[in-house]
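The values are calculated or read from the model by the stated rules, or taken from the named source; none is laboratory data. A quick note: this is a predicted structure, and the numbers were derived from the prediction, not measured. Cβ atoms come from the backbone with ideal geometry, glycine included; neighbour counts cover every protein chain shown. Areas reflect the complete protein model, heavy atoms only, side chains present, ligands, DNA and RNA absent. Shrake-Rupley method; radii C 1.70, N 1.55, O 1.52, S 1.80 Å.
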Amino acid sequence: MDEYPLIENHGLIGDLQTAALVTSDGTVDWFCCPRFDSPSVFGALLDKGKGGHCTVRPAHTTYATKQLYLPDTAVLVTRFMTEAGAGEVIDFMPLTGTTVTDRHRLVRMVRCVRGSMTFEVDIAPRFDYGRKSHELHTTENGAVFTADGTTLTVHPIREPDDERLGRLLTGDHDLRLTLNLQAGQQRGLMLESAADGPPRQIRLAEYEEIFHATIGFWRSWLSTSRYTGRWREAVERSAVTLKLMTYAPTGAVVAAPTTGLPEQLGGERNWDYRYTWIRDASFSVYALLGMGFTEEARAFIGWLGDRIEERAGDEGDTGPLNIMYAVDGSSDLKEETLDHWEGYEGSAPVRIGNGAATQLQMDIYGEALDSISFAQGHGIHLGYRGWTGLIRVLEWLADHWDSADEGLWETRGGAQDFTYGRVMSWVAFDRALRLADFSGRPAPAQHWSAARDRIFQQVMAKGWSQERGAFVQHYGSGVLDSSLLRMPTVGFLTPQDPMWSSTLDAMEQELVSDSLVYRYNPEASPDGLRGSEGTFSLCTFMYVDALARAGRIDQARLVLEKMLGYANHLGLYSEEIDLTGRQLGNFPQAFTHLALIDAAITLDAALNGGDHAGGGHGRPSSVGAVPSPFPAAGAGASPAATAARGP
């Protein structure tokens, strides 16, 4: 099925409430509106025939393409080259602000820069994942697609007295036109959802104002970054990508802007990532603060505090926190399948919603507390209500930390006593004690301290396998798990501990393949799902971090440089990499980019002779971070673990 573009052959644009993917040959094949987890308007990425698309490409049958971002922005340029001429399409979404709105704009400006070029434009929306039919109404000034109260308006960008360079071809439901451009000529269109008026011609002066305002926003935002290390281009592109996946009205970060992209072609590991995981988003605090983006971190801590307050004392079946939420904080993420869609390259089922939302995963409490304590060291505080809610959360955890759970990989292999979940429960009590001591707030410190110590003793007794010479995935097993690469990062062990060195060596032998890292071996630890999977990109960056902390600097640098070579042409990563080097899974994945940032910061500090091995909240001098009042040995400064998203 070579008609589907490679997953990595896409760029991402967005307006901080939703986003769109643009292929390297000029097709918008994924766009949900009005927010990340809304039904799709263009979904050809998951069904070429039924999903809908907006395509701008040369009429020539043979052409070459190149794609780039304008420097320090999220403005995407797709360039086309033929023997007759060269042209380009500039794609971006003007920013919407922090107020929730149904009005979103996608701008596509078409230019001929050399010779002549005829472009074909095809606008074929398919509303509600292609489940709703629509009507097309054209006027002299544009067109409107309508579907059960939903509208998508097409505004042409041109001067009123411009010569007619295009020819309109309309079908029953779709809009098609051709543009015949000579060097220096340009035309464009703006797609607008929930427009407050009829189609209108947008003059070039208005377009230029919107264009420069968008560029100005991104360059101004990125200029606040304090990262000046060796991998600045990759780190700053990751930062922009994370910002594109942030829902501005609440500060929540989605795991990815897509659903259903397979972890194995033709397989069933096709999950919906358009939600906010407590785990992933908590780790975003480290990367954001590490680069100096305080306001974004503050917004997420506020969002997390709201989740703690609203459920504290009402634990339900899965504890006082869900593992994931919609970007607005709601938790009804009922999973269903889109049986009328064939899936990317036939990889069905296509799922929307996520049944894993109701799983019990104990590690999220440690990640939440770790991010809160790290933010505290940077002047971002929970209020009194947040603190009292936190106490009730920890009361629940004190009674339940020894419970079997599904683990951070969200498998279907049954509940187990996962070592990583226990380690992060230890982190939760450790950070709570430090928070209480630093802020002088009342807390049952003796109770928390006793729980912390019991967890530590249990992990050392049951999580260690003498036979493997390593800490293992869950008690009583011999399975290795890359999530445990975080043990020294969070301060549970020192990076020089012989038990940790032995664990790292064992992982290198079993989980590392030419520098790329697997989560675990599913043959040794059945996860209840058919098929196999590729290496997890975030685990590879996590491995870089662990190597640097352990003093294996040259090895860490080589692994990082190799991994940077697996990025797509724009510096973006999906979740996994298969044996051929092809990217698989939802795209782009937030946590992979978080882990990239963290690995670069840690390795920079090691190469500069800094204290990279302390696992501390204090950040390397290369990013100018505010020192934390918390001792380094008990802190978490690495966004370096994640989970698969399937139930």
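If you go through the stretch 255-279 and keep only what is open to solvent by 10 Å² or more (accessible area, probe 1.4 Å) and either assigned to a helix (DSSP H, G or I) or hydroxyl-bearing (S, T, Y) (or both), you end up with just Y275. Being part of a loop (DSSP other than H, G, I, E, B), buried (at least 21 other Cβ atoms within 10 Å of the Cβ) and at negative phi, is that true of even one residue in the stretch 386-400? No, every residue in the stretch 386-400 fails to be part of a loop (DSSP other than H, G, I, E, B), buried (at least 21 other Cβ atoms within 10 Å of the Cβ) and at negative phi.
When the stretch 61-95 is examined, which residues are found to be aromatic (F, W, Y) and over 21 Å from the mean Cα position of the chain (by Cα)? Break it down stepwise before answering.
Of the residues in the stretch 61-95, the ones aromatic (F, W, Y) are 63, 69, 80, 92.
Listed by number, the residues that qualify are Y63, F80.
Of the residues making up the stretch 401-422, those that are of a type in the set (G, A, S) and open to solvent by less than 30 Å² (accessible area, probe 1.4 Å) number 2. Considering only the stretch 175-202, state which residues are touching a Pro at 6+ places or on another chain (Cβ under 8 Å) and free of Cβ contacts under 8 Å to residues at least 60 places away in the same chain. If the condition is that a residue be touching a Pro at 6+ places or on another chain (Cβ under 8 Å) and free of Cβ contacts under 8 Å to residues at least 60 places away in the same chain, then I202 is the only one that fits. Are there any pairs with C-beta distances below 7 angstrom linking a residue in the stretch 437-457 that is touching a residue at least 40 places away in the same chain (Cβ under 8 Å) and open to solvent by 60 Å² or more (accessible area, probe 1.4 Å) to a residue that is part of a helix (DSSP H, G or I) and of a type in the set (G, A, S), with the two at least 6 apart or on different chains, and if so which? Within 7 Å, the pairs are H447/A398. Remark: pairs (first residue in the stretch 122-151, closer than 18 Å to Q201 by Cα; second residue of a type in the set (K, R) and open to solvent by 30 Å² or more (accessible area, probe 1.4 Å); Cβ separation under 8 Å; 6+ apart in sequence or on different chains) = I123/R176; N141/R200; G142/R200.
Exactly one residue among P160, P199 is farther than 28 Å from R114 by Cβ, over 21 Å from the mean Cα position of the chain (by Cα) and outside any helix (DSSP H, G or I), and that residue is P199.
Checked against (1) open to solvent by 10 Å² or more (accessible area, probe 1.4 Å); (2) among the polar types (S, T, N, Q); (3) within 23 Å of the chain's Cα centre (by Cα), Q17 passes all but condition (1).
Which is of a type in the set (S, T, N, Q), more than 24 Å from R549 (Cα to Cα) and assigned to a loop (DSSP other than H, G, I, E, B), of S477, S449? Walk me through it before giving the result.
Values: S449 fails: assigned to a loop (DSSP other than H, G, I, E, B).
After ruling out the rest, the residue left standing is S477.
The test for being touching a Leu at 6+ places or on another chain (Cβ under 6 Å), among the hydroxyl-bearing types (S, T, Y) and either buried (at least 18 other Cβ atoms within 10 Å of the Cβ) or without any contact (Cβ under 8 Å) to a residue 12 or more places away in the chain (or both) holds for S373. Checking the structure you have, find out if any residue of the stretch 369-376 is under 22 Å from the mean Cα position of the chain (by Cα), within 30 Å of K48 (Cα to Cα) and either of a type in the set (A, V, I, L, M, F, W, C) or part of a loop (DSSP other than H, G, I, E, B) (or both). No, the stretch 369-376 contains no residue that is under 22 Å from the mean Cα position of the chain (by Cα), within 30 Å of K48 (Cα to Cα) and either of a type in the set (A, V, I, L, M, F, W, C) or part of a loop (DSSP other than H, G, I, E, B) (or both). Here T65 passes the criteria (1) closer than 23 Å to F127 by Cα; (2) open to solvent by 40 Å² or more (accessible area, probe 1.4 Å); (3) assigned to a strand (DSSP E or B) except the one numbered (1). Scanning the stretch 80-112 for residues that are of a type outside the set (A, V, I, L, M, F, W, C), farther than 17 Å from H212 by Cβ and surrounded by fewer than 19 Cβ atoms within 10 Å (Cβ to Cβ) returns E83, G97, T98, T99, T101, D102, R103.
Is the stretch 42-51 home to any residue that is within 28 Å of S220 (Cβ to Cβ) and either of a type in the set (S, T, N, Q) or crowded, with 19+ Cβ neighbours inside 10 Å (or both)?
Narrowing the stretch 42-51 to residues within 28 Å of S220 (Cβ to Cβ): none.
Looking for residues that are within 28 Å of S220 (Cβ to Cβ) and either of a type in the set (S, T, N, Q) or crowded, with 19+ Cβ neighbours inside 10 Å (or both), one finds none in the stretch 42-51, hence no.
Is it the case that the stretch 360-374 has a residue that's touching an Asp or Glu at 6+ places or on another chain (Cβ under 6 Å), modelled with pLDDT under 95 and closer than 30 Å to L265 by Cα? Yes, because at least one residue in the stretch 360-374 is touching an Asp or Glu at 6+ places or on another chain (Cβ under 6 Å), modelled with pLDDT under 95 and closer than 30 Å to L265 by Cα.
Every listed requirement among (1) under 24 Å from the mean Cα position of the chain (by Cα); (2) in a loop (DSSP other than H, G, I, E, B); (3) over 20 Å from Q589 (Cα atoms); (4) acidic (D, E) is met by E3 save one, (1).
Would the stretch 543-555 turn up any residue that is acidic (D, E), open to solvent by 10 Å² or more (accessible area, probe 1.4 Å) and assigned to a loop (DSSP other than H, G, I, E, B)?
Kept after step one, since they are acidic (D, E), are these residues of the stretch 543-555: 545, 554.
With open to solvent by 10 Å² or more (accessible area, probe 1.4 Å) added as a condition, the list becomes 554.
Applying the additional criterion that residues be assigned to a loop (DSSP other than H, G, I, E, B) yields none.
No, the stretch 543-555 contains no residue that is acidic (D, E), open to solvent by 10 Å² or more (accessible area, probe 1.4 Å) and assigned to a loop (DSSP other than H, G, I, E, B).
Across the stretch 143-171, the qualifying residues are those that are over 22 Å from C32 (Cα atoms) and modelled with pLDDT of 90 or more, and the one among them that is most open to solvent (accessible area, probe 1.4 Å) is R158. Residue pairs whose Cβ atoms lie under 7 Å apart, separated by 6 or more positions or on different chains, with the first residue in the stretch 88-111 and on the phi > 0 side of the Ramachandran plot and the second at pLDDT 95 or above and surrounded by fewer than 21 Cβ atoms within 10 Å (Cβ to Cβ), are G97/A248. Inside the stretch 286-302, residues that are closer than 18 Å to L390 by Cα and open to solvent by less than 10 Å² (accessible area, probe 1.4 Å) make up a count of 2.
Taking the stretch 180-196 as the search range and keeping residues that are over 16 Å from F211 (Cβ atoms) and either among the charged types (D, E, K, R) or in a strand (DSSP E or B) (or both), which one is most open to solvent (accessible area, probe 1.4 Å)? Can you show your working first?
Step one: filter the stretch 180-196 for residues over 16 Å from F211 (Cβ atoms), giving 180-185, 193-196.
Add one more test, that the residue is either among the charged types (D, E, K, R) or in a strand (DSSP E or B) (or both), and what stays is 180-182, 193, 196.
Working: N180: 75, L181: 1, Q182: 100, S193: 9, D196: 142 Å².
So, considering only residues that are over 16 Å from F211 (Cβ atoms) and either among the charged types (D, E, K, R) or in a strand (DSSP E or B) (or both), the one most open to solvent (accessible area, probe 1.4 Å) is D196.
Of the residues A348, A357, which single one is touching a strand residue (DSSP E or B) at 6+ places or on another chain (Cβ under 6 Å), closer than 24 Å to F587 by Cβ and of a type outside the set (S, T, Y)?
Numbers: A348 fails: touching a strand residue (DSSP E or B) at 6+ places or on another chain (Cβ under 6 Å).
Answer to the check: A357.
Among the residues in the stretch 472-479, are any crowded, with 24+ Cβ neighbours inside 10 Å and either among the aliphatic types (A, V, I, L, M) or in contact with an Asp or Glu (Cβ under 6 Å, 6 or more places away or on another chain) (or both)?
The answer is yes, given that some residue of the stretch 472-479 is crowded, with 24+ Cβ neighbours inside 10 Å and either among the aliphatic types (A, V, I, L, M) or in contact with an Asp or Glu (Cβ under 6 Å, 6 or more places away or on another chain) (or both).
For E120, indicate whether it is within 29 Å of A213 (Cα to Cα), open to solvent by 20 Å² or more (accessible area, probe 1.4 Å) and assigned to a strand (DSSP E or B). Step through it out loud before you land on a result.
Numbers: within 29 Å of A213 (Cα to Cα): yes; open to solvent by 20 Å² or more (accessible area, probe 1.4 Å): yes; assigned to a strand (DSSP E or B): yes.
So E120 passes the test.
Scanning the stretch 558-576 for residues that are surrounded by 24 or more Cβ atoms within 10 Å (Cβ to Cβ) and over 18 Å from Q67 (Cβ atoms) yields V559, L560, M563, E575, E576. Condition check for D527 on (1) under 29 Å from E263 (Cα atoms); (2) among the charged types (D, E, K, R); (3) modelled with pLDDT of 95 or more: one failure, at (3).
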